[in-house]
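To start, the structure under review is shown below, and the notes come after it.
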Amino acid sequence: MELAKRFSQNPLLRPADVPPSRQGLEVACLLNPGVFEFDGKTWLIIRVAERPAQQEGVISFPVLKSGGIDIIEIPLNEPELDATDPRVINYKGADYLTTLSHLRLMCSDDGIHFYEPEGYPALHGEGPLQSFGIEDCRVSKVEDTYYLTFTAVSPNGVGVGLRTTKDWKTFEHHGMMLPPHNKDVAIFEEKVNGKYYTLHRPSSVDIGGNYIWLAESPDGIYWGNHRIIATTRKGHWDSKRVGAGAAPIKTEKGWLEIYHGANEKHQYCLGLLLLDLNDPSKVIARSNEPIMVPSADYELTGFFGQVVFTNGHIVKGDKVTIYYGAADEVVCAADFSISQLLSSLNC
């Protein structure tokens with residue numbers, strides 16, 4: 001039985017609700033917001049994916065350059081073009097993203113109606129390791145500092161960038177936190193035995209797979225002692241890839257992690273991991289069945305359908321409100337009961 005209570009107002013945000021960052025681009029989709037509380041409000045840091053308006057017979061896409069943005073145009077009948085995936089194309093042996101993503105801040109007084117506040121900057125890719133954009137930011141508050149972990153994409157691969165802030169107006173850049181190929185990094189919001197911990201997802205196309213790992217750090221910047229904690233499961237809803245959502249939720253039973261899994265048909269669902277409070281490398285329990293499956297129309301069809309994907313939530317007592325990307329196009333929300341989630345794990 002699915003445990004999600006979707007907001008009746010879904011989708012909360014659509015591409016048309018957000019203006020493009022510059023002239024000549026259009027917002028193709030809104031995806032996978034990080035979530036946090038600040039200044040008495042609920043905030044989203046949304047991935048905004050942009051591209052030029054598409055013309056018949058041509059595919060065009062933006063790439064960051066040191067002096068701005070270049071628009072690359074390729075005729076669709078080019079024999080060396082593979083544009084079968086709406087997210088990634090291959091041309092003459094090189095991969096490109098069909099959109100360029102940056103991160104945009106939105107806030108809300110009620111957690112439902114969001115607006116773009118004045119005086120807070122958008123975050124864009126910077127430098128050669130972020131030339132294809134930055135994506136899917138997760139936000140963790142440890143003591144008085146917000147840690148922003150995001151996917152940094154370039155021709156060199158997909159890695160994890162790290163920035164920190166205290167006021168959301170000034171940011172300290174810490175470069176590449178974890179090198180390619182890696183993503184889905186969620187830092188615990190509390191130290192465990194004096195150490196920082198994070199979940200992450202290195203990938204291998206030849207040996208191994210898309211699994212969830214754990215790492216630790218003395219300072220929140222440099223990470224090591226990497227251990228695998230969850231692999232894909234053949235024949236299950238998470239048979240193709242798994243990855244962390246937002247920071248794990250501390251409960252009396254353990255650290256409760258809402259994670260995403262996908263099968264061979266690229267259907268993305270949500271499930272649970274429960275980790276030991278004193279040793280997060282120990283998995284106490286794991287969902288046999290997903291807690292949320294794409295079923296609403298806005299989850300089934302869109303830029304890339306059959307997707308529910310979360311990397312941000314707000315916890316208030318027994319209620320956790322997840323904000324999630326649906327069909328790689330719109331932003332939605334749903335409530336869960338933490339006690340019901342734990343009960344689903346027989347805890």
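Which of rounded, prolate or oblate describes the stretch 231-347 when judged by the alpha-carbon gyration tensor and an a/c cut-off of 1.5?
oblate
Go ahead and set up a Gaussian network model of the chain, Cα springs under 10 Å, then flag whichever of Y324, Y268, Y96 fluctuates most.
Fluctuation is largest for Y96.
Give the residue list of trypsin sites (Lys or Arg not before Pro) in the stretch 177-276 that are DSSP loop and have at most 11 other beta-carbon atoms within 10 angstrom.
For trypsin sites (Lys or Arg not before Pro) across the stretch 177-276 that sit outside H, G, I, E and B with at most 11 neighbouring Cβ atoms in 10 Å, the list reads K234, K265.
So what's the Cα pair-distance distribution over the stretch 125-225, bin width 10 Å, in %?
16, 48, 30, 5, 0
Per 0.36 nm of contour for each residue apart, how much would the distance between E190 and T231 grow if the chain were fully extended, relative to their Cα-Cα spacing?
Net length gain for the segment: 12.3 nm.
If you rank E73, E50, E172, E190 by how much accessible surface each has, with a 1.4 Å probe, what is the order from largest down?
The most accessible residue leads, giving E73, E172, E190, E50.
Let me test this: with uniform point scatterers at the alpha carbons of the stretch 72-150, what is the Debye-based log₁₀ I(q)/I(0) at q = 0.17 1/Å?
Normalising to I(0) and taking log10 leaves -0.86.
When only the heavy atoms of the protein chains count and the probe is 1.4 Å, how do E143, E37 rank by accessible area, highest first?
So the residues, ranked largest to smallest area, are E143, E37.
What accessible area per residue comes out for the stretch 50-104, rounded to a whole number of Å², with a 1.4 Å probe?
Working: 3030 Å² over 55 residues.
Accessible area per residue: 55 Å².
Compare D95, D17, D206 in a GNM of the chain, Cα atoms joined below 10 Å, and give the one with the largest fluctuation.
D206
Sorted from largest down, what three extents in whole angstroms do the Cα atoms of the stretch 1-133 have along their principal axes?
If we take the Cα atoms of the stretch 1-133, the spans are 52, 43, 25 Å.
Give me the one-decimal nm value for the distance between modelled label points at E80 and H173, 7 Å along each residue's Cα-to-Cβ direction.
Using points 7 Å along Cα→Cβ, the separation is 3.2 nm.
If I take every Cα pair under 8 Å that is 6 or more residues apart in the stretch 256-347, average their sequence separation and divide by the length, what percent do I get for the relative contact order?
Dividing the mean separation by the residue count of the stretch 256-347 yields 21 percent.
Ignoring ligands, DNA and RNA, what percent of the 1.4 Å accessible area of the chain is carbon and sulfur?
47 percent
The values are calculated or read from the model by the stated rules, or taken from the named source; none is laboratory data. Not measured: the values here are computed from a predicted model. For neighbour counting, all protein chains shown are included, and Cβ atoms are generated from backbone atoms with ideal geometry for every residue, glycine included. Note: areas computed on protein heavy atoms with side chains; ligands, DNA, RNA excluded. Shrake-Rupley method; radii C 1.70, N 1.55, O 1.52, S 1.80 Å.
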